[in-house]
Structures are given as structure tokens and as C-alpha cells.
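These notes concern the structure reproduced below.
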Amino acid sequence: MIQSEDILLDCAEFHPSENMDDRPPETEVDLLVIHSISLPPGEFGGGWIDDLFMNKLDVTADPYFTEIKALKVSCHLLIQRTGKITQYVPLNRRAWHAGESHYCGRNCCNDFSIGIELEGSDEIPFTDDQYQALQQVTREVMHHYPAITHDRITSHAAIAPGRKTDPGPMFDWPRYLDSISAPE
């Protein structure tokens, strides 16, 4: 249920996921985690990511979906290959994006982070539209949460080493970080 204090971005279409809850009391949001996802793996489009985050994935549509049918996951924001932005969880609420994770001595990164998924994979470059949208949403997130600075932006791979690889070697970190440093 959306509350008046919930933080939704104007640039995003909102699809409320049930896969969220409240952050622990007095938690400062001070980390931004960049992810990538494709469903089925290596394929883009088709709406399967939305279905996964909304608990509507048709497990008969692809054999891989039977492997992930029990997952209850979400993110705050998804940026598709076209640059379209979808928000699943209000920024002030806890999305279930990081799983078992740790950063700078703190466990359970979901408690204190914002998760942004990019539609992509480890093998294919991300699109210009995605970088532009990511720059926009990152600046908005940093506006709401000033404790998220350049050195508080990381990858899923960094917070879940050995378990995750995303956003992968095709993600251009210098391009992204330079873009959020440039004047608007």
C-alpha cells in the first residue's frame, strides 16, 4: 500500500511490487547498487522482468523460469534497453534486490541501499538510452539521499562476491560516474 511519504520518481512508471517491506527503524540510506538482469538469460524485451518483480512469471513460457519460480525479488528501479524507467518499490522502502550481501562491514545491503536494475547481461554493452536514464535517476536518488556519494555507488558483484557478477564487464563505470559528475 502506497503511503503519502513514499518516494516515487516522476520519470518512472510505477508498478507496485509486493516484494518489499519497511527498512529497519533509523536506517540511513547511503548506498546505490547497480545490477543487470535479462529474462530468459541473454534475451531482452518480452516483459518477463516485470512479471518476475510482480510475482506473475509464467513458468511454462521458458524452461529457465521453472528454476526461478520461487524467487520473491524486486528492485527500486528498472531501466530497459530503450531507456524506459519502471519503479517497483518506493525509494524509502526496502526492495529485495541484493540478497545475501555486505558492504564496508555492514551486512544485508537491502536495509540501507537503493537497487537499480539495468536490462542487460555480462556479454552485451548497455545502450546510450540506458546510460542517459541511469544518469537521470542517479541524480534524483542522490538528491533524496545525499549520503549516496560517488564512493557509495557499487555493483551487485561487489556486495555479493562469488555469487553475482552483474552488472558485468560490459558496464562502462567511467562513463557512468563521469556523467553524474558533469554539470546538468
Could you state the principal axis extents of the C-alpha atoms in region 8-163, from the largest down, to the nearest angstrom? 42, 32, 30
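Could you quote the convex hull projected area for region 12-85, Cα atoms only and averaged over all directions, in nm²?
Spelled out: convex hull of the Cα atoms, projected over all directions, averaged, 5.9 nm².
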Report the gain in length on full extension from Cys104 to Asp10: 0.36 nm times residue separation, minus Cα-Cα distance, nm rounded to one decimal. 30.7 nm
Take every DSSP beta bridge with both residues inside the chain and express the antiparallel ones as a percent of the total, to the nearest 5. 35
Show which lysines lie in cross-link reach of Lys72 when reach means a straight Cα distance below 22 angstrom and same-chain residues fewer than eight apart are skipped. Lys56, Lys164
Need the full-extension length gain, Ala147 to Thr60, defined as separation in residues times 0.36 nm minus the C-alpha distance. One decimal, nm. 27.0 nm
Pop out the carbon and sulfur fraction of the accessible area of the chain as a percent, whole number, probe 1.4 Å. 51
Note: Met170 to Gln3 extended length (0.36 nm per residue) minus current alpha-carbon separation gives 56.4 nm
What number in nm² do you get for region 48-94 if you take the convex hull of its Cα atoms and divide its surface by four? 3.7
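What's the long-distance tail for region 106-166, i.e. % of Cα pairs beyond 20 Å?
Numbers: 603 of 1830 pairs.
In whole percent, the share of Cα-Cα pairs in region 106-166 beyond 20 Å is 33.
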Within region 105-135, whose backbone N sits under 19 Å from a point 7 Å along Cα→Cβ of Lys84? 116-121, 126-135
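How about region 1-85: which trypsin sites (Lys or Arg not before Pro) there lie in a loop by DSSP and see at most 13 other Cβ atoms within 10 Å?
Numbers: sites: Lys56, Lys69, Lys72, Arg81, Lys84; in loops: Lys56, Lys69, Lys72, Arg81, Lys84.
Hits after loop and neighbour filter: Lys56, Lys69, Lys72.
The values are calculated or read from the model by the stated rules, or taken from the named source; none is laboratory data. In this text the structure is predicted, and so the values were computed from the model without any measurement. Here Cβ is always computed from backbone atoms with ideal geometry, including for glycine, and neighbour counts include all displayed protein chains. Only protein heavy atoms, including side chains, enter the accessible area calculation; ligands, DNA and RNA are left aside. Shrake-Rupley method; radii C 1.70, N 1.55, O 1.52, S 1.80 Å.
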